[in-house]
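Single-structure report; data block below.
The values are calculated or read from the model by the stated rules, or taken from the named source; none is laboratory data. All values reported here derive from a predicted model rather than from experimental measurement. Neighbour counts are summed over all protein chains in view; Cβ atoms, including those assigned to glycine, are modelled from backbone coordinates with ideal geometry. The protein model used for the area step is the full one, side chains on, heavy atoms only, and it has no ligands, DNA or RNA in it. Shrake-Rupley method; radii C 1.70, N 1.55, O 1.52, S 1.80 Å.
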Amino acid sequence: IGVKQALSAKDNSIVTLVGNITRQIDDDEFIFRDATGEIKVGVGDYAWNGINITPNDRVRIEGAIDKGFIMPTTIDVYQIRKIQ
């Protein structure tokens, strides 16, 4: 699916997206972008699995939709992989 579909998915839905992490907001929050839009993602240290990425690297993220009452929809990322 893409970011556009992820934004309308149900809370706690598991999603896999391919795109780029375009910028870092704070220690573990980033902006992820694909052809359909952008979404804030939370990436804990465990999810990186030792890889380093730049905004030019295409990545696949797997995680769960987190819909807050006040805050915008985000994705809690379980795993991130650099792809070719």
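Note on the range 46-70: residues that are within 21 Å of GLN84 (Cβ to Cβ) and hydroxyl-bearing (Ser, Thr, Tyr) amount to 1.
On inspection, ILE51 fails the criterion of being over 21 Å from LEU7 (Cβ atoms) and either open to solvent by less than 40 Å² (accessible area, probe 1.4 Å) or in contact with a Phe, Trp or Tyr (Cβ under 9 Å, 6 or more places away or on another chain) (or both). Scanning the range 6-23 for residues that are closer than 19 Å to ILE83 by Cβ and open to solvent by 60 Å² or more (accessible area, probe 1.4 Å) yields a total of 2.
Can you tell me which residues in the range 15-28 are over 14 Å from PRO55 (Cα atoms) and without any contact (Cβ under 8 Å) to a residue 24 or more places away in the chain? Across the range 15-28, the qualifying residues are ASP26, ASP27, ASP28. The set of residues in the range 1-20 being over 19 Å from ASP57 (Cα atoms) and of a type in the set (S, T, N, Q) consists of GLN5, SER8, ASN12, SER13. Just one of the listed residues (GLY68, GLY42) is of a type in the set (Gly, Ala, Ser), without any contact (Cβ under 8 Å) to a residue 24 or more places away in the chain and in contact with a Ser or Thr (Cβ under 9 Å, 6 or more places away or on another chain), namely GLY68. Only residues that are touching a helix residue (DSSP H, G or I) at 6+ places or on another chain (Cβ under 9 Å), part of a strand (DSSP E or B) and surrounded by 15 or more Cβ atoms within 10 Å (Cβ to Cβ) were counted in the range 24-48, giving 5.
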